[in-house]
Amino acid sequence: MTEQVGGTCAVVIVAAGSGQRLGYGMPKARVPLGGEPMLAHAVRGVVRAGVAAQICIAVPADDAEMADIARDLAAKSGAGPGIIWSVVDGGADRSASVRAALGALAAHITTVLIHDAARPLAPSGVFDRVTAALRDGAKAVIPALAVVDTIKTVVPAGLPATGAGVEKVSGTPARNRLRAVQTPQGFELDTLRRAHAHAETLDAAAAAAITDDAMLVEALGEDVYVVQGSTHSLKITSPTDLLLAEAMLQGPLRPRWVEG
Ligand code: C5P
């Protein structure tokens, strides 16, 4: 088990999304993976990583069943090393859910990892790398992977002859400088609170464009450090992702997935 960050590190698991893109008609964190709700895997991964003095789970505000699942997982896992458990109502968007969880952290917490329930198979190695960078003085740390696709930026456009609405390429960033970013993302708590206080002042369009916590810290002008992510930390968004995650858990290729 990893050394705790002085017993003052909390992990927030955001599980309050609707999961519409997955098409199960239920919040994504409740969708079964290997016969259990996705959230159960995420919680187990966080407990196994051994970095959390407090674990706070944000669930959909109107979903009593999800709250029950979260409390049940806390009760079953909580017998361990004195972890404080909290379950809070999430908000309308991801950053509102993060803010709700930040409001529930104990007074002695000084660092926090924000983790998506939608990345239920994130391995301990990633938690280790993120917390190690926090211990080494980073105020913000993200796990990331190099991208394999060439990425283009686009703008709305009309085809020359017909004006039919399509998009056209406005740029091609150098691929070797691009990273696909994952969770858990780690922060000095004061820095993340400051970043979210600023986010609360944004209008709805700007708030909808916030896709991770690090970009809020970037907006403060703070350095955000990057550590190696993992292919196991895939984000489950579409049914194809779910198939891949099932295969990682119990498929014939499982023994080959040795990366941490
Ligand atoms: O929607 P998306 O897949 O980007 O969500 C990423 C994570 O944020 C998921 O774990 C989801 O449950 C969480 N989320 C949340 N509250 C929201 C929207 C998303 O906790 N309002």
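Okay, here's what the table says:
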read-out	value
Residues that are out of contact with any Lys or Arg (no Cβ under 7 Å at 6 or more places or on another chain), in a helix (DSSP H, G or I), of a type outside the set (S, T, Y) and at pLDDT 95 or above, drawn from region 95-131	V98, R99, A100, A101, G125, V126, F127, D128, R129, V130
Of all residues in region 81-94 being more than 8 Å from the ligand (Cβ to nearest atom) and out of contact with any Ser or Thr (no Cβ under 9 Å at 6 or more places or on another chain), the one that is modelled with the lowest pLDDT	P81
Matching residues in region 75-115 - criterion: being small (G, A, S) and under 19 Å from the mean Cα position of the chain (by Cα)	S86, G90, G91, A92, S95, A96, S97, A100, A101, G103, A104
Flag if V43 is within 13 Å of the ligand (Cβ to nearest atom) and part of a strand (DSSP E or B)	no
Options S77, S124; residue that is among the hydroxyl-bearing types (S, T, Y), away from the ligand (no atom under 14 Å from the Cβ), without any contact (Cβ under 8 Å) to a residue 60 or more places away in the chain and touching a helix residue (DSSP H, G or I) at 6+ places or on another chain (Cβ under 6 Å)	S77
Yes/no for A104 being under 20 Å from M38 (Cβ atoms) and within 16 Å of the ligand (Cβ to nearest atom)	no
Residue in region 197-206 that is under 30 Å from R30 (Cα atoms) and under 17 Å from the mean Cα position of the chain (by Cα) present	no
Only listed residue being within 16 Å of the ligand (Cβ to nearest atom) and either closer than 20 Å to R194 by Cα or in contact (Cβ under 8 Å) with a residue 40 or more places away in the chain (or both), chosen from L145, L134, L113	L113
Region 184-211, residues that are among the polar types (S, T, N, Q) and without any contact (Cβ under 8 Å) to a residue 12 or more places away in the chain	T201
Residue that is away from the ligand (no atom under 16 Å from the Cβ), among the hydrophobic types (A, V, I, L, M, F, W, C) and in contact (Cβ under 8 Å) with a residue 24 or more places away in the chain, where the choices are V217, V181	V217
Only one of M66, M26 that is part of a loop (DSSP other than H, G, I, E, B) and either crowded, with 16+ Cβ neighbours inside 10 Å or touching a residue at least 12 places away in the same chain (Cβ under 8 Å) (or both)	M26
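The values are calculated or read from the model by the stated rules, or taken from the named source; none is laboratory data. All figures in this text were calculated on a predicted structure; none of them were measured in a lab. Don't worry about glycine lacking a Cβ; one is built from the backbone with ideal geometry, like all the others, and counts go over all protein chains shown.
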